[in-house]
Amino acid sequence: MIWWLKAKNAPAVAAATLAVYGAAVWLRQEAIPVPALVGASGRLLITEILGVVPVALLVHGIDRGDAFIEEVARRRAGLRNAALCLGFAALTTVLGATAHLLWDRPEAVSLARNCLGFLGCALIVRTLLGPGIAMICVAALPLACAAAGRRPGGSAAPWAWPVHDATSLLGIAEAACLFAAGCTLALCRNRPLLNPLAQGTHGMR
């Protein structure tokens, strides 16, 4: 099991998760400007995009090795991958709650929500189009929400959960639903339906 966790990038994911929470505690409300499609220029809190980093490492780790070989060897790859994602969810939730309680950092709560939502989105797109396109989509998601997900008054649109306030129950519910759907797909299917980036790589060889 220890070998499997190392092969799946678990130590790097844990280290990256601790690092982004440390950054969230330190950065607080630091933001980057984002051109808005509606109204004045928008802004994206750095803590709202930090969750992409550990999620990228986790999805990369899940797809390390040959999924077909794992299935043939009956290692229950889907079950183990789903368990790995649940462990990541538990870690992010505990860290977010701890940072908020100890240092009054609501940004840590929104970071936990976004980690779960980003992972759910990544797992869904991974099942359909492979891990490469999944991570491109997840990296673009918070930027798209900051650019197009705010109303003229500045409030976040209902669908733009990555830029909702930390106390938004709707944002938490949407992220949780995405995470549950992604874990279900990871449990049921270990290989993507299509993988255009991998096909393009094979075609160049």
Using a 1.4 Å probe over the heavy atoms of the protein chains, calculate the carbon and sulfur portion of the accessible area of the chain as a whole percent. 69
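For the chain, with every protein chain kept in place, what is the accessible area per residue (1.4 Å probe, Å²)?
Result: 51 Å² per residue.
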Per residue of the chain, what 222 nm ellipticity follows from adding -39500 (n - 2.57) for every DSSP H run with n ≥ 4, rounded to the nearest 500? -22500 deg cm²/dmol
If each of Thr184 and Ile32 carries a label point 7 Å out from its Cα toward its Cβ, how far apart are those two points in nm? 3.4
Between Arg150 and residues 5 or more places away or on another chain, the pairs with built amide H atoms under 5 Å apart involve Ala157
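How long are the three semi-axes of the equivalent ellipsoid of the stretch 43-199, in whole Å, if each is the root of 5 times an eigenvalue of the C-alpha gyration tensor, listed from largest down? Please report the intermediate quantities before stating the final value.
Details: eigenvalues 164, 63, 28 Å².
The answer is 29, 18, 12 Å, longest axis first.
The values are calculated or read from the model by the stated rules, or taken from the named source; none is laboratory data. No experiment lies behind these values; they were computed from the predicted model shown. Cβ atoms come from the backbone with ideal geometry, glycine included; neighbour counts cover every protein chain shown. Ligands, DNA and RNA are excluded from the accessible area calculation, which covers all protein heavy atoms including side chains. Shrake-Rupley method; radii C 1.70, N 1.55, O 1.52, S 1.80 Å.
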